[in-house]
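Just below is one structure, and these are the notes that go with it.
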Amino acid sequence: MNFDNPQLYTLTTIEELEEYNQQKSAFCNLQPGGVGFFQYLHFIKTRLMIKHQISFHLYQVPSQMINWKLVVLSAASLISAAIIIREIQLRLSDSSKDKSLTTLSPRSRGVESLIGNTPLVEVKSLSKLTGCKIYAKLELANPAGSAKDRVALAIIRANEKLGQLQPHHGDIIFEGTSGSTGISFAVLANALGYKAHICLPDDTSPEKMQLLRSLGAELEPVKPASIVDPNQYTNTARAGARRINNDPSDKRNAIFADQFENDFNWRVHYSTTAPEIWTQMDHDVDVFINGSGTGGTIAGVSKFLKERNPNVRIVLADPQGSGLANRVNYGVMYDSVEKEGTRRRHQVDTLVEGIGLNRLTWNFKQGESHINEAIRVSDALALKMAKFLCINDGFFWGSSAAINCVAAVKTALKYGPGQKIVVVACDSGDRHLSKFWKHAEEVDPLVTLDDILESK
């Protein structure tokens, strides 16, 4: 630098030079994205020239043109801006370090907090072969493995508010179930301080019974029977709860969950499952397909979707032996196996567990008017579809999910390509190993979609 004329330049002392060099070092340390000091200095120079009409060359500033108060204020503002820019760049850099991470759920507390917000996944093989987009709502991703987690938690919380259940007081939850509801109640009873007493048909798959025992539930297997039989598993559960509540010497409370008739069933799907689907599909759903056990899922979801878009098509997927398909399509609750002497078991004559019924439940009736059509699916079709999904997509799903996917393919082919179809993957195949999958494993692994559609 040239300091020959002390009247012309301001940086004329050692102290001032050292102070300026410190400022220069600060700028170098703040450089965002590798920008150097001299680029910052040029930026400062340009801004000062614009704002304060100061004309100077790199280190040489005419002293008579400088208002030091304005220079210091401007420099402080620019330094602050540089720090903010640097912080923004650091945060952007941190957010892009691992692009393999999707949006993560926040920390939560207790198994009950994990219920809901389940994934939605495209079934690639079925989409490719039908020309539609077929998606599955993975209710099997709930902590106890099925959509019944939502219902069980809703019923427990409602009874707590009513004062009919008190945690860690020995209170008992009775339920009659042949499907996954008992497992959901067993898990949540453990977590929330209750005891689960499950009444179920004695031909329920052994793995489900073993799982319930492992979870600590009290099991009461009964012979399959008609709903009018007082020993039918649902009626047995109702009687068990009544017996405890009517015993003045028993200080425990007992509730009969009554999933088939309980109004909280369809309502929880209306308030949680359906909005999740609507959001995950970006408010663009053409068809929703599901079976009906209690009727809660199809009732709650159909009601919500129809309110958002009346053109959404609701399809009931119904197993053989159930009378619901004829009820929807023809208004008559009847199946050919109802003929005297033809039924092997009194609930639904099928390998499929958890869906299909020969009576109308309160929950089903809440959504019946929203159902556009029903598709009957035989065991043979369901078995082949289960194997097809396992081999082609890696999805090892239960029997009701397989039935839903058969109905999805038939719907796609009936109404043409381009539709967005959502089905529910209710539970995993590991709950059906000794029954449904015992037969599905024998299906040819080279089975094609044409093979499935040609089956009866």
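Taken together, the values in this text are just the output of simple stated rules run on the coordinates, not laboratory data. Predicted, not measured: the structure shown is a model, and the values here were computed from it. For neighbour counting, all protein chains shown are included, and Cβ atoms are generated from backbone atoms with ideal geometry for every residue, glycine included.
In a shell of Cβ-Cβ distance under 14 Å around G170, excluding G170 itself, what net charge do Lys and Arg (+1) and Asp and Glu (-1) give?
Charge balance in the 14 Å sphere: -1.
Please report T181, T361 as a ranked list, fewest other C-beta atoms within 10 angstrom at the top and most at the bottom.
The fewest-first ordering by Cβ neighbours comes to T361, T181.
Could you sort the peptides 305-314, 124-133 by per-residue average Cβ neighbour count (10 Å cutoff), highest mean leading?
Going from most to least packed, we get 124-133, 305-314.
List F436, F185 from most exposed to least, where exposure is judged by having the fewest other Cβ atoms within 10 Å.
Listing F436, F185 from fewest to most nearby Cβ atoms yields F436, F185.
Tell me, what HN-Hα J-couplings in whole Hz come from the Karplus equation 6.51 cos²θ - 1.76 cosθ + 1.60 at θ = phi - 60° for each residue of region 76-90, using x for Gly and Pro?
Computed from phi, the couplings for region 76-90 are 4, 5, 5, 5, 4, 4, 5, 5, 5, 4, 4, 4, 4, 5, 5 Hz.
Rank these for me by crowding, K148, K208, K365, K251, going from fewest to most other beta carbons within 10 Å.
Lowest to highest Cβ neighbour count: K251, K365, K208, K148.
Could you give the nm distance between label points at K128 and I84, where each point is 7 Å from its Cα heading toward the beta carbon?
For K128 paired with I84, the spin-label model returns 5.1 nm.
Classify region 148-256: rounded, prolate or oblate, from the alpha-carbon gyration tensor (a ≥ b ≥ c, eigenvalue square roots; a/c under 1.5 rounded; otherwise prolate if a/b is larger than b/c)?
In terms of gyration-tensor shape, oblate.
So what are the ³J(HN,Hα) numbers for region 409-419, from phi and the Karplus equation (6.51, -1.76, 1.60; θ = phi - 60°), rounded to whole Hz, Gly and Pro as x?
The phi angles translate into 5, 5, 5, 4, 6, 6, 9, x, x, x, 7 Hz.
Evaluate the distance, in nm, between pseudo-label points positioned 7 Å from the Cα of E261 and of N117 along their respective Cα→Cβ axes.
3.6 nm
Any idea how far apart D284 and L360 come out in nm if each label point goes 7 Å out from Cα toward Cβ?
Rounded to a tenth, the inter-label distance reads 3.8 nm.
Sequence-distant or interchain residues sharing an amide H contact under 5 Å with S428, placed H: which?
Correct list: G398.
Using per-residue counts of other Cβ atoms within 10 Å, averaged over each peptide, order 149-158, 388-397, 113-122 from highest down.
Answer by packing, highest mean first, reads 149-158, 388-397, 113-122.
Given H placed 1.01 Å from N in the peptide plane, which residues other than close sequence neighbours of F395 have an amide H under 5 Å from its amide H?
So F395 has HN proximity to C390.
Among K306/K365; K133/K387; K384/K414; K137/K420; K303/K435, which pairs are too far apart, with a Cα-Cα distance over 23 Å?
K303/K435
Using θ = phi - 60° and the Karplus form 6.51 cos²θ - 1.76 cosθ + 1.60, what ³J(HN,Hα) does each residue of region 243-250 get, whole Hz, x for Gly and Pro?
4, 5, 5, 8, 9, x, 7, 9
Once you keep just the Cα pairs under 8 angstrom separated by 6 or more residues, what percentage relative contact order results for region 148-256?
It comes to 29 percent, rounded to a whole number.
Check which residues have an amide H placed less than 5 Å from Q259's amide H, if you skip close sequence neighbours.
G176
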